[in-house]
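Down below is the structure, laid out as structure tokens.
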Amino acid sequence: MFDIWYGDIPVTYLVIGLSLIIILPIQILICFKAKSIFVRFIPIIVFTAAVLIWIILSFAVAGWDGLLYLFFAIYMIFMIFVCGIGWGIWALIKYKDAKKIWIFAFLAVLAAAGFAWNYGYHNRKSNDNLPSLQSIAKMDEAEVNNLLSGYKRAQLSEVWGEPQYSSSWEDVWLLNDTDWLTVNYQNDSEKVVVCGIGPMLFPDDIKDITYTYSVYSSDYSRQLNSEEIADVKDWALGLDLLHVNFPEGEAPNEVYAGGESYTFVINGGEKEFSYLYINDYYVFLSDQLYLVENPSKPPLS
């Protein structure tokens, strides 16, 4: 089946629910009450006619409307299948020599098949099961890794659009005003192997950056040119950051003396962060420390 939504209503689940709760019991009831075989076939005849109409419309109309009509035809075929199940249940009950155990076995197999389909549909790595970036932003990093691991690179781009940053081994998407999603791939198959959610160090619109390098008691500051801004932004997007919390008084900048820092003031103070080396490499942003898991110095002289 397909994930089609009408507003907030999932059409697929609506069709499945109506088929099992309404159409199946009606078909069984008709089979028991009707004397004429033609009457028993009325639901199947109606849905078959609907299938033909939707197929004709799908070829008559171009674009997404035509595809939607084709989906409706598939839904009607599913309803015909449910009617066939109703016939099977009626036949098992009606047949004089049938034992109740066979009826229950048939229903058990049907329920197991439905459960297996539902589990497979919702756990396979398909575009339908890939949540939006807005939904990803509400998940924790472990949940995102478990969800995205195994997806192919092309699938992510098809659902989320082109990433804001891309290299041969990773893509980066903007989740909201403060966070990025970084996705790393397995080189040979371009499958997702690990993901990370980290802070957005640079805004999309950068007018100017003041760069300050500090070591011991010496400071050196200057404005970056456009080429340097592009290089630094690419460098920052490639950093893998892990948010860390330290007990009060035990943060590296409170325990160790010295070290060096690279401070970037963006758009006259609109945003500011520091790249620190103390006992390890950290990013300091909005009073929070992030451990840099793949440290490298900024591409600046």
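Coordinate-derived values only; no laboratory data. Please read these numbers as outputs of a predicted model, since none were measured by experiment. Cβ sites come from the backbone with ideal geometry, for glycine too, and all protein chains shown count toward neighbours.
Here are some notes:
- Ellipsoid semi-axes in whole angstrom, largest first, where each is sqrt(5λ) of the Cα gyration tensor of segment 129-199: 17, 13, 11
- Each of M79, M200, M139 was scored by other Cβ atoms within 10 Å of its Cβ. Arranged with the fewest first, they read M139, M200, M79.
- Proxy reagent accessibility, fewest Cβ within 10 Å first, across D205, D65: D205, D65
- For segment 213-301, the fraction of C-alpha pairs more than 19 angstrom apart is 40%.
- Taking θ as phi - 60° and the Karplus parameters 6.51, -1.76 and 1.60, the scalar couplings of segment 137-147 work out to 4, 8, 9, 8, 5, 5, 5, 5, 4, 5, 6 Hz in sequence order, x denoting glycine and proline.
- Listed values (1) 206; (2) 161; (3) 152, entry calculated as volume of the Cα convex hull per residue in Å³: (1)
- 3J(HN,Hα) couplings calculated from phi for segment 199-207 with the Karplus curve 6.51 cos²θ - 1.76 cosθ + 1.60 (θ = phi - 60°) are, in sequence order, x, 7, 7, 10, x, 5, 9, 10, 9 Hz; Gly and Pro show x.
- With both labels modelled 7 Å from their Cα along Cα-to-Cβ, the F32 to A230 distance reads 7.5 nm.
- For Y275, neighbours were defined as the other residues whose beta-carbon sits under 10 Å from its Cβ, and their charges (Lys and Arg +1, Asp and Glu -1) total 0.
- FRET efficiency, 1/(1 + (r/R0)^6) with R0 35 Å, evaluated for S126 and F59 via beta carbons: 0.85
- Along segment 219-233 the Karplus relation, 6.51 cos²θ - 1.76 cosθ + 1.60 evaluated at θ = phi - 60°, assigns HN-Hα couplings of 10, 9, 10, 6, 7, 8, 7, 4, 5, 5, 4, 4, 5, 5, 5 Hz to successive residues, with x for each Gly and Pro.
- Computed [θ] at 222 nm, helices only, for the chain once each DSSP H run of length n ≥ 4 contributes -39500 (n - 2.57): -13500 deg cm²/dmol
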